[in-house]
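Every number here is computed from the coordinates shown, using simple stated rules; none is lab data. As the structure is a prediction and not an experimental result, all values here were calculated from the model. Ideal geometry is used to build each Cβ from the backbone, glycine not excepted, and the neighbour counts take in all protein chains shown.
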Amino acid sequence: MRFDRNAYSVPTAFAHHELTVAGGIGEVTISCADELVATHPRCWDHQQVIYDPRHYLALLEKKPGALDFARPLEGLDLPECVSLLRRRLETDLGHSGTREFIKVLRLLEHATVRELDAAVGYANAIGATAPEAIELILRHRRDRPVSMFSLDGYPHLKTFAIDPPDLGAYAALKGA
């Protein structure tokens with residue numbers, strides 16, 4: 001998407017769509033209808049191309065041979081454990097390993113590099129190198145334990161009393 005004599009990337013799913021660009025002092029936002037599809041830091045130079053590597057990961061799944069040569073990925077600084085995972089996958093699976101690694105990279109569409117680093121580091125330690133395993137680790141780390149509900153800060157609710165449930169029906173089932 002071109003704006004103010006610069007090109008800003010958008011996810012490949014939005015290529016060739018009618019987009020709206022809003023340029024602020026420090027940020028450029030790109031929308032499709034009412035959906036925000038990309039934000040970039042504003043570039044005040046001219047004739048520059050500003051990439052977000054995450055925008056091209058879906059395309060790489062279709063063209064895995066471009067992984068090492070994709071210009072949008074040049075600025076993507078991956079942690080050492082992620083590079084180790086790539087070597088393991090490609091050693092074990094050959095060409096399919098590159099495809100599996102790209103699936104891991106696609107997790108960056110919903111996670112930060114730091115989160116992916118921690119998940120891949122743990123996955124490497126336990127020998128779980130499949131993208132699905134790493135995704136499961138990421139999801140598990142995001143889940144927050146359910147805490148006890150407290151009425152602190154809700155004094156108006158403390159006056160309500162709820163009768164305990166009648167467990168007689170369960171006793172009847174147990175006896176049956």
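Observations on the structure shown:
- Taking a Cβ cut-off of under 15 Å around residue 28, the surrounding Lys, Arg, Asp and Glu residues balance to a net charge of -1, with basic ones at +1 and acidic ones at -1.
- Trypsin sites (Lys or Arg not before Pro) within region 113-176, DSSP loop, no more than 14 other Cβ atoms inside 10 Å: 158
- For region 49-87, chymotrypsin sites (Phe, Trp or Tyr not before Pro) meeting the loop criterion (DSSP other than H, G, I, E, B) and having at most 16 other Cβ atoms within 10 Å: 69.
- Cα centre as origin, Lys/Arg/Asp/Glu Cβ charges: the chain dipole, Debye: 260 debye
- Sorted by Cβ density within 10 Å, fewest first, the residues 150, 96, 31, 9: 150, 96, 31, 9
- Positive-end extreme of charge dipole, the chain - chosen from 122, 112, 32 (charges on Cβ): 122
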